[in-house]
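Notes follow the structure.
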Amino acid sequence: MIHAAAAARGVASRQEPATVAGEADVSRVAPGRLGAPARPPTQARPDASEGLVAEPRTEHDSRTPGAYRFSVVVPTYNRRDVVLRAVEALGRTARPWPCELIVVVDGSVDGTADALRGLSAPGPRASPLPLRVVTQGNAGAASARNRGAAEARGEYLLFLDDDMIVDPAILVELDRALDGAGVDAAVGHIPVHPDSPAGPLTDGLRRWAELRRDRLARTGGQLSLGDLLTGQLAVRASVFDAVGGFDASFTAGGTFGGEDTDFLYRLLRSGARARFVPEAVSHQLYRVTPTQYLRQWRQAGLADAALSRKHPGLGEQLSTEHHGHTPRGRAARAAARVGGRLPRPVVKGAVGGVLGRVEAGHTDRATIAALASLRDGHYWSGVATGGGLRPGPGQLPCVLAYHAVEDVADPRIGDYAVPPEALEAQLEALLSAGLRFVGADELIGALDGQPCKEPSLVLTFDDAYVSLVRHAAPVLRRLGIPAIVFAVTGEIGGTNSWDARTGAVQLPLLDGPGLRALHEDGWEVGAHSRSHQHLPMLDDDALRAELAGPRADLAALGLPAPRLFAYPYGHHDRRVRARARAAGYTAAFALRESRPWPSPRTRFALPRVEVLRSHSPQALVDAVLDPPTVHPARVADREARGLARTVLRVAGRPPAARR
């Protein structure tokens with residue numbers, strides 16, 4: 001579903017990865033900011049139930065696969081005029097093969113079913129696209145989608161919200177993505193329809209759609225959980241059946257929220273491949289009042305609480321994306337508790353004053369900030385009613401950071417070079433301690449809410465030394481351990497010039513064929529900047545080149561665009577993290593500070609344990625299983641220095657060079 005968007009000055013998906021706790025994201029609006037989509041407007045009704053009632057999913061026994069290329073399924077509730085426009089637009093689509101349209105009328109009482117039957121019957125008003133109208137009692141969006149899928153006879157299912165006005169080429173573009181490419185699901189671009197009423201909520205949704213499209217274009221269509229929205233979702237019918245369809249308990253009784261995230265979470269965990277198709281466009285005719293908007297956010301909180309119970313591991317991610325661990329999130333939860341104890345007329349008067357200004361079209365900072373506070377309070381009120389966001393039973397993988405794997409007798413960098421026999425002894429000790437090693441895909445999945453089933457480690461190597469091919473790769477191959485290597489792309493085939501400038505010995509770095517050899521051996525190749533500089537000290541143009549440049553450099557070598565980045569020296573600040581996200585990376589690595597283990601809230605500053613030659617095997621096991629406490633003052637000092645540098649740049653005074 002397309003989440004109910006709101007407010008001015010940009011938006012972001014509720015499910016998008018969050019930045020380090022409390023920080024602003026200058027590349028796209030941080031999750032939970034005004035404008036973030038909460039839930040779709042198409043099935044929004046007043047709270048019919050404060051709980052979630054289970055309903056068995058309709059089985060697909062009646063499906064005759066292959067009778068149509070696409071079965072388009074549109075659930076609708078009391079939106080006759082809007083859904084008629086959606087059906088008319090679907091009738092204008094290009095269809096080189098047979099397709100069908102199934103509209104499921106979910107208990108509407110506004111004449112929707114009769115109006116649609118007028119388009120399905122033979123005659124001058126008949127829809128050019130074969131149309132079937134299915135009616136049922138009001139059971140919610142998930143049940144309606146399942147009902148439509150059970151009636152469908154297409155190879156592919158295209159789920160659309162009833163306010164989606166599609167472009168004529170949408171089916172052709174989705175077919176091109178799904179046909180023979182190993183892709184199981186696809187989503188497209190969902191801009192706001194120009195006929196949507198003007199206002200801060202519409203402006204927010206428009207900004208969110210543009211940011212989503214631009215970000216996915218930058219990242220080559222890398223989809224995370226929040227990018228797959230059932231407002232426009234194409235999926236193979238066989239995959240939909242295998243995953244089990246939508247869980248109708250989330251929308252039973254006419255509420256909404258949760259069924260989209262739940263289905264898409266299960267879809268990704270099944271191993272299905274999903275792709276973003278920017279040419280597949282459907283315009284959302286967005287009509288949501290401020291009152292509906294707040295009700296949707298409360299129901300979003302209720303649904304997220306249910307999601308965290310059903311899928312251990314999602315609770316931490318959902319809390320992070322709503323700033324639950326930040327002062328802002330704690331303030332919103334406290335406000336929700338206080339609001340629940342105040343006399344109802346007091347609350348109603350305060351809320352009504354803000355909503356009145358929004359309905360009048362005011363977009364001043366005070367109005368937008370007040371609406372954002374109300375939205376956050378409604379969300380956390382729903383979470384509390386649903387029993388809270390329960391954390392998962394486990395943690396994300398701990399990440400180890402190695403450098404060269406050779407015997408280096410140098411007083412400056414010798415301790416950072418681990419000999420091959422020491423590497424093997426360290427890894428065998430970790431395996432004997434009951435830990436297992438996972439690769440980049442599993443780490444990213446854990447960041448997206450798919451918890452590891454047992455204590456796990458991720459192995460990384462900075463700088464991409466030649467010794468990795470000579471010494472590390474054979475050890476890892478023998479032990480069956482995956483790894484990530486981070487290359488300094490301006491020095492590929494060169495040496496560690498950044499160390500040599502301090503008087504350290506020069507060590508050779510891998511060239512293009514060497515990096516490709518590691519990639520073909522199963523290694524993930526990430527970026528470590530172009531020239532190994534202290535990134536927080538750079539101006540914006542230089543920082544952009546150090547972050548975005550490596551993606552082009554590695555692609556030019558015939559390698560995939562890197563998903564992961566490691567900060568040189570582990571140094572970063574708020575600006576650097578935001579720029580790393582803007583450059584299109586999925587996550588970024590630092591070194592261990594106050595948090596020994598990664599979490600979704602540190603997605604762009606994932607802590608790593610730096611492994612040294614001086615680490616005995618047991619000392620490394622202890623560092624992983626019983627890490628020393630690092631005082632959080634280090635984090636506060638880093639962020640304060642970053643803020644000071646930003647102020648100096650704004651004032652036109654370059655920050656002092658780092659010694």
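The values are calculated or read from the model by the stated rules, or taken from the named source; none is laboratory data. Quick caveat: nothing in here was measured; it's all calculated off a predicted structure. Note that we place each Cβ from the backbone using ideal geometry, even for glycine, and neighbour counts take in every protein chain shown. Only protein heavy atoms, including side chains, enter the accessible area calculation; ligands, DNA and RNA are left aside. Shrake-Rupley method; radii C 1.70, N 1.55, O 1.52, S 1.80 Å.
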Over the alpha carbons of the range 293-385, what is the largest minus smallest coordinate on each principal axis, giving the biggest first in Å?
-> 42, 28, 23
Quick one: grab the alpha carbon gyration tensor of the range 426-500, order the square roots of its eigenvalues as a ≥ b ≥ c, and give me rounded if a/c is under 1.5, else prolate or oblate depending on whether a/b is larger than b/c.
-> oblate
Estimated inter-spin distance, Thr291 and Arg412, nm [label 7 Å along Cα→Cβ] = 7.1 nm
For the pair Glu359 and Glu454, the simple spin-label estimate (label points 7 Å beyond Cα toward Cβ) gives in nm 5.9 nm
With label points built 7 Å along Cα→Cβ from the Cα atoms of Ala335 and Asp81, find their separation and express it in nm.
-> 3.4 nm
In the range 399-468 the accessible area split gives carbon plus sulfur, as whole percent at 1.4 Å, a share of 47 percent
How much net charge surrounds Gly512 when only other residues with a Cβ under 13 Å from its Cβ are counted (Lys, Arg +1; Asp, Glu -1)?
-> -3
Taking only protein heavy atoms into account and a 1.4 Å probe, give the accessible area per residue of the range 446-571 in Å².
-> 36 Å²
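Which order do His572, His362 take when ranked by solvent-accessible area (1.4 Å probe, heavy atoms of all protein chains), largest first?
Ranked list, largest accessible area first: His362, His572.
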Taking the dipole about the Cα centre of the range 67-183, with the C-beta of Lys and Arg at +1 and of Asp and Glu at -1, give me whichever of Ala113, Gly140, Leu171 is farthest to the positive side.
-> Ala113
